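Report on the structure given below.
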Amino acid sequence: MDKYTKYFCIFATNYDKICMEAENRTLPIVAADEWLRPVEEEINRRYAMYISRLEDIENSSGSIVDYANGHRYFGWQRDEAMKGWWFREWLPEAKDVYIFGDFNHWQRTELRLQRNKEGVWSIFLPDAMYDYRLTDGSLYKIHVHGHNGWRDRIPAYAKRVVQDEVTKNYTAQFVVERPYEWKHDAFRAPKVGELLIYEAHVGMAQEKEGVGTYVEFRDEILPRIKAAGYNAVQLMAIAEHPYYGSFGYHVSSFFAPSSRFGTPDELRSLIDRAHELGIAVIMDLVHAHYVKNFDEGINELDGSDHHYSKSGDAGYQQYWDSKIFDYGKREVEHFLLSNVKYWLEEYHFDGYRFDGVTSMLYHHRGYVDFDCRERFFDEGVDRDAIVYLTLANKLIHDFRSDAISIAEDVSGMPGSCVKPEEGGIGFDYRLGMAIPDYWIKLLKEQKDEDWNIWEMWSVMTNRLPSVRTVAYAESHDQALVGDKTIAFRLMDKEMYFSMDRASENLMIDRGMALHKMIRLMTITTGGEAYLNFMGNEFGHPEWIDFPRAGNEWSYKHARRQWSLSENGFLRYSFLAEFDKAMIGVVSKYGVLGDGYPYNHMMDEVNKTMVYSHRGLLFVLNWHPTASIPDYELCVPWAGKYTILFSSDEARFGGHDRADITSEHFTTTHKREDGSEYYTINIYNTSRTAFVFKWEE
């Protein structure tokens with residue numbers, strides 16, 4: 001019996017045993033949600049698959065943390081005992097493999113690798129072989145003979161890949177890794193209910209027309225994020241990708257930080273500086289697919305069409321024109337789990353936002369209507385992907401207990417934010433992707449006076465208690481060419497002509513008022529964490545358009561114009577100041593950790609909603625014209641209410657229609673049943689959000 005047949009028999013035995021055990025008990029995920037009772041058998045099956053695979057990993061490696069060490073075995077590895085370097089690559093269907101580079105004068109077929117029975121090819125280069133001496137910075141590739149012919153390729157575990165400025169070709173670069181001296185290892189990521197994310201892209205974070213660097217981001221952008229009050233930065237486009245305009249979502253080298261932004265140690269210094277400032281660094285991790293390029297990526301690296309993917313259409317993401325991982329293949333699982341550990345271990349990232357989770361979870365990639373329970377449990381679901389994601393979350397939290405994992409899943413897969421041991425997938429948060437979609441739909445399709453405040457409330461609070469949600473009004477998706485930011489939808493071309501402080505423009509007044517209110521309602525009702533894309537907090541007027549043939553390879557729109565909010569002459573600074581005040585209040589009073597807001601009053605006629613969080617009262621008047629003196633509103637507690645801030649203050653670009661220094665004392669009323677309720681009277685100005693503080 002060979003090892004693979006033996007393994008399958010062990011796996012099948014373990015799986016059947018675990019299935020039987022699961023049938024005799026109810027998993028916590030089902031016990032907590034009666035809606036899942038009809039699909040309990042399928043949930044048990046997924047759980048059994050996960051436990052069986054985890055047990056196999058633990059039996060073979062001791063723990064999942066010790067298992068995920070592919071980056072310590074493959075690629076270049078120093079052997080001090082033998083005084084030289086090993087190179088290894090998993091290429092099971094390759095017929096012949098060589099390594100070559102500047103260290104051997106680019107002779108393709110001089111240094112042949114040897115294959116073992118598992119399909120791992122390797123070679124040892126001793127230091128004593130002067131002609132083949134590797135030096136820090138040496139360039140290299142592998143020459144692979146497979147079913148697709150002879151090809152020069154970049155290894156899958158390459159830790160640095162650079163582009164030639166003249167030919168534009170990518171080549172792997174040998175790096176002598178030295179211990180980095182971390183200065184702020186004591187940092188811990190924000191707890192649940194504290195997470196405030198600033199989504200950013202290193203390359204386009206600068207004002208200059210060009211590609212920003214890790215060093216520039218560290219020195220110029222991190223202080224801005226800190227001053228704005230955010231405690232986490234979510235970095236896009238970190239793993240190497242050949243096409244800059246892909247936003248980093250067509251990854252070619254999963255273990256190599258993008259060299260267009262700088263060196264590996266410069267990325268480490270960025271993260272170390274962020275930790276010094278109290279800012280967590282979350283990586284946008286792309287395990288949903290990979291670039292189909294041969295020259296730069298891992299597609300058909302061993303010459304077959306089923307190396308890291310399944311064969312044919314099953315391995316192709318037609319909507320993104322990219323390749324899909326085969327999550328059920330053990331070597332692919334090992335590659336991806338090692339990648340998860342690698343960025344946490346080698347670069348001290350504080351967690352991940354997993355991109356494209358919906359595409360991973362379903363064979364149809366999520367392009368269906370999730371209109372019934374069966375959609376989450378029928379044959380369209382990829383069980384192997386569910387097992388992989390559950391293992392990844394287990395690894396993340398076993399390796400570092402405070403690490404953060406966020407799922408970008410539009411489908412709302414039940415159990416995504418439930419712990420693995422309770423039958424879930426194990427994410428800490430899920431992105432609230434319905435929220436920005438709703439705001440866009442509202443702004444596109446309805447007049448202001450037709451907005452339904454009950455519908456607004458329902459969309460913002462429509463989540464299960466177990467599904468911790470990252471709320472956001474807009475992300476990078478809404479800032480791209482082909483879409484519009486909220487600021488641009490509200491103010492359109494008037495942003496280019498009437499944003500100076502001296503101008504009077506009704507469209508600008510409306511746009512700024514609603515921009516502030518939409519963000520305040522989103523952060524205070526939409527979830528347990530909050531996200532903002534860089535520049536959107538001050539209404540950045542330009543869309544994102546990366547250099548391409550259609551714009552003559554211009555960087556004009558692939559940057560952020562910070563000066564718009566910092567020069568003191570334009571109204572963008574008012575929006576930035578409001579965002580800073582909003583973030584400050586939410587942080588100080590622990591609003592995100594308070595769970596659902598408590599609704600006290602909904603006045604559909606005057607478009608006014610009143611809700612509370614931890615001693616704070618939020619009053620939002622969405623009406624375009626109705627400003628009502630001596631407006632009576634219900635409040636939760638007897639005592640005095642003072643205004644912390646109002647979106648209509650002059651410092652936020654408003655009109656100062658209400659006196660924010662005023663004090664409001666409650667009046668006690670009795671109902672027919674003898675119970676009491678309380679009210680205060682305020683000047684309820686149109687298109688204004690008030691935040692009151694209660695004092696006993």
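The values are calculated or read from the model by the stated rules, or taken from the named source; none is laboratory data. Remember, it's a predicted structure, so these values are computed and weren't measured experimentally. Methodologically, a virtual Cβ is constructed for each residue, glycine included, from the backbone with ideal geometry; neighbour enumeration extends over all protein chains shown. Accessible surface areas use protein heavy atoms only, side chains included; no ligands, DNA or RNA. Shrake-Rupley method; radii C 1.70, N 1.55, O 1.52, S 1.80 Å.
Taking the Cβ of residue 498 as the center, what net charge do the other residues with Cβ under 9 Å away carry, scoring Lys and Arg +1 and Asp and Glu -1?
-2
For residue 556, list the lysines whose Cα falls under 20 Å from its own Cα; do not include residues on the same chain fewer than 8 positions away.
Once the sequence-local lysines are set aside, what remains near residue 556 is 208, 484, 493.
Within the accessible area of the chain, what % is carbon and sulfur when the probe is 1.4 Å and the other protein chains stay in place? Let's see the in-between values first.
Numbers: 13770 of 28060 Å².
Carbon-and-sulfur percentage of accessible area, whole number: 49.
Counting only heavy atoms of protein chains, what accessible area per residue, in Å², does the stretch 558-597 have with a probe of 1.4 Å?
Per-residue accessible area for the stretch 558-597 comes out at 36 Å².
Work out the length of the dipole vector of the stretch 553-696 about its Cα centre, built from +1 on the beta-carbon of each Lys and Arg and -1 on the beta-carbon of each Asp and Glu, and round it to the nearest 20 debye.
With Lys and Arg at +1 and Asp and Glu at -1, about 840 debye.
Which sequence of 226, 191, 516 reflects their accessible areas, 1.4 Å probe, from the largest down?
Final ranking, largest accessible area leading: 191, 226, 516.
Whenever you get a sec, line up 647, 311, 122 from highest to lowest accessible area (probe 1.4 Å, protein heavy atoms).
Ranked from most to least accessible, the order is 311, 122, 647.
Among the listed pairs 588/670; 419/516; 159/323, give every one whose C-alpha distance is greater than 26 Å.
Those over the limit are 588/670; 419/516.
Mind checking the per residue accessible area of the stretch 266-382 for me, 1.4 Å probe, whole number of Å²?
On a per-residue basis, 29 Å².
Give the ranking of 141, 444, 341 by solvent-accessible surface, highest area first, calculated with a 1.4 Å probe.
444, 141, 341
With all protein chains present, calculate the accessible area of residue 319 using a 1.4 Å probe and round the result to the nearest 10 Å².
110
Keeping all protein chains in position, work out how much accessible area residue 109 exposes to a 1.4 Å probe, and write it in Å² to the nearest 10.
The accessible area comes out at roughly 90 Å².
With every protein chain left in place, what is the accessible area per residue of the stretch 171-254 in square angstrom, probe 1.4 Å?
It amounts to 37 Å² per residue over the stretch 171-254.
Mind grabbing the accessible area of residue 663 for me, 1.4 Å probe, Å², rounded to tens?
Rounded to the nearest 10, the figure is 100 Å².
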